[in-house]
Every structure is written in C-alpha cells, then in structure tokens.
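A.B. asks: My questions all concern the structure below.
Since every read-out is calculated from the coordinates, none of them should be taken as a lab result. It should be emphasised that the depicted structure is a prediction, and the values quoted were computed from it without experimental measurement. Note that each Cβ is placed from the backbone with ideal geometry, even for glycine, and that neighbours are counted across all protein chains shown.
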Amino acid sequence: MPRRIMEGVVVSNKMDKTVVVLIERTFMHPLFKKIVRRSKKYHAHDETNSAVEGQLVAIRECPPRSKLKHWEIVPRDGDAA
C-alpha cells in the first residue's frame, strides 16, 4: 500500500527529533459551493533535528514511532542524508 505524502509548514521544533507540521487543505462545501479551508497539525519524526520553524517540508506516513508520531519528514534530494 502506498504511503501518503503531504506538504506543510513546521510550526514547532522544540521537541527532540520531533516537529509539528501544519497541513492546510481546501475543498468545496457540498451545499454552499464555497471554498473552505481546514488545517490540522501532525507530529513528524525528524531524525537529524534539521527542520526549523516556518520551513516548508514534506511528510510521509510511517509505522508508529510513539503515541503521536505516525509521520516522518521526507529528505529532499538537495539535503544531506
């Protein structure tokens, strides 16, 4: 089964090897036909503690690492892994 990948903004990096990522999605309301914005925060694993607040990152589903962490940061091609 493919893993979901989403993009969002890091809103907190105060924990060790964990960041909080804010994901915003837009959809059309089924009755009123207006565009609605919804946001949700996800805890993601950051092995190298390299993410900083305000940075745009991609996260991917992974097996549970703790009670709240079910996502991990996807390393980009330009980043040192």
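A.B. asks: Let me confirm the definition first: pairs of Lys residues in segment 5-73, 8 or more apart or on different chains, C-alpha distance under 29 Å. How many are there?
C.D. replies: Taking the Cα cut-off of 29 Å, the pair count is 13.
A.B. asks: Using the crude model of +1 on Lys and Arg Cβ and -1 on Asp and Glu Cβ, and no other charge, please compute the dipole size for segment 5-73 relative to its Cα centre, in debye to 20. The partial results should precede the final answer.
C.D. replies: Working: 13 positive and 8 negative charges, 102 e Å.
Result for segment 5-73 is approximately 500 debye, rounded to the nearest 20.
A.B. asks: Please report the net charge: other residues with Cβ closer than 14 Å to the Cβ of residue 53, K and R +1, D and E -1.
C.D. replies: Details: positive: 14, 41; negative: 46.
Charge balance near residue 53 sits at +1.
A.B. asks: State the extension gain, in nm to one decimal, for the chain segment bounded by residue 61 and residue 35, taking 0.36 nm per residue of separation less the distance between their alpha-carbons.
C.D. replies: Numbers: separation 26, 0.36 × 26 = 9.36 nm, distance 2.69 nm.
Fully extending the segment from residue 61 to residue 35 adds 6.7 nm.
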